[in-house]
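The values are calculated or read from the model by the stated rules, or taken from the named source; none is laboratory data. Everything numeric here is computed off the predicted structure, so don't read it as measured data. Please note: Cβ atoms are built from the backbone with ideal geometry, for glycine as well, and neighbour counts cover all protein chains shown. For the accessible areas, the whole protein counts, side chains as well, though only heavy atoms, and no ligand, DNA or RNA atoms are used. Shrake-Rupley method; radii C 1.70, N 1.55, O 1.52, S 1.80 Å.
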Amino acid sequence: LGFRAGVEACKVGIAKFDSLSTSDDKLYEQKGFPVATGLSGALCPDHYFVSNIEDCWAWGQRQQLDLLISESAGLCNRCSPHLRGALALCVIDNLMGIDAPEKIGPMLRLADVVAVTKGDLVSQAEREVYRYRIRQMNHRAVIRHVNGLTGQGCAELASIMAVAPDIASVTDMRLRFAMPAAICSYCLSEMRIGVRYQKGNVKKADFGGSHGAENGE
């Protein structure tokens, strides 16, 4: 999320949204970056992100940042915390499997930039095939290969992030894609298994038999 783009001496801050715990903040602090963390606990990390991004933005303004990077857990690959008008970056690695790009939802398909890591652990042919699979899912994104250990590709990725669009406020901005539907009985702390305990937004798979067999239906 760019506050003021094109600044040579750029003050960067990071907000890390995760689920149960994170140690990333310690790494960022060691490098001298302002950092804030948010743990979603029992909630979906990306729903948690959307509920807190406005306050996160206000924190970045108080820190007088030139560039605010918000990192979400992206645990299920389905959620889409990308904001319209903000630079959207998706990070995936070459070890996720050749079919991984097809399985990832809006997090990849609606990204502006796709950073591919761990390319040093696969062959050049595998990297090219993986890149092709990414391009099939996202025709317009900038794809860059980055090595987090050696730093290869980081300067080019940083130059892209340095010209992120200026944003005056995230209030009233919109997501690029709707979040997954939620609120079933298990969202409300139900722990028992069985059709009789399932209420709300429930989706059933077809296994060739009728549902509710335990009830004699």
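Tally the DSSP beta bridges in the chain and give the antiparallel ones as a percent, rounded to 5. Before the final figure, lay out each step's value.
Working: 3 of 23 bridges.
Among the beta bridges of the chain, antiparallel pairing accounts for roughly 15 percent.
Direction-averaged shadow area of the convex hull around the Cα atoms of the range 18-117, nm²?
Values: hull surface 28.2 nm².
That works out to 7.1 nm².
Summing -39500 (n - 2.57) over the DSSP H runs of n ≥ 4 in the chain and dividing by its residue number, what mean residue ellipticity at 222 nm do you reach, to the nearest 500 deg cm²/dmol? The partial results should precede the final answer.
Working: 6 runs with 56 residues, N = 217.
Estimated from H runs of four or more residues: -7500 deg cm²/dmol.
Can you give me the solvent accessible area of Lys204 with a 1.4 Å probe, rounded to the nearest 10 Å²?
90
Roughly what would the spin-label model give for Cys184 and Ser23, points 7 Å off Cα along C-beta, in nm?
3.4
For the chain, list log₁₀ I(q)/I(0) at each q in 0.08, 0.16 Å⁻¹, using the Debye formula over Cα point scatterers of equal strength and ignoring solvent, two decimals each.
-0.36, -1.19
Using modelled backbone amide H atoms (1.01 Å from N, in-plane), which distant-in-sequence or interchain residues come within less than 5 Å of Lys16's amide H?
Those qualifying (amide H under 5 Å, at least 5 residues apart or on another chain) are Ala36, Thr37, Gly38, Glu71.
With a 10 Å cut-off between alpha carbons and a GNM built on the chain, which of Gly32, Gly119, Gly200 moves the most?
The residue that fluctuates most here is Gly200.
Quick one: 3J(HN,Hα) in Hz for the range 49-54, Karplus 6.51/-1.76/1.60 with θ = phi - 60°, rounded, Gly and Pro as x.
4, 4, 6, 10, 5, 5
Can you list the trypsin sites (Lys or Arg not before Pro) in the range 22-68 that are in a DSSP coil and have 16 or fewer other beta carbons within 10 angstrom?
Values: sites: Lys26, Lys31, Arg62; in loops: Lys31.
Within the range 22-68, the qualifying trypsin sites (Lys or Arg not before Pro) (loop, at most 16 other Cβ atoms within 10 Å) are Lys31.
Within 10 Å of each candidate Cβ there may be at most 12 other Cβ atoms; applying that plus a DSSP loop requirement, which trypsin sites (Lys or Arg not before Pro) in the range 127-162 survive?
Hits after loop and neighbour filter: Arg140.
Please calculate how many Å² of accessible area the chain carries per residue, with a 1.4 Å probe and no DNA, RNA or ligand atoms counted. Before the final figure, lay out each step's value.
On the way: 13020 Å² over 217 residues.
I get 60 Å² per residue for the chain.
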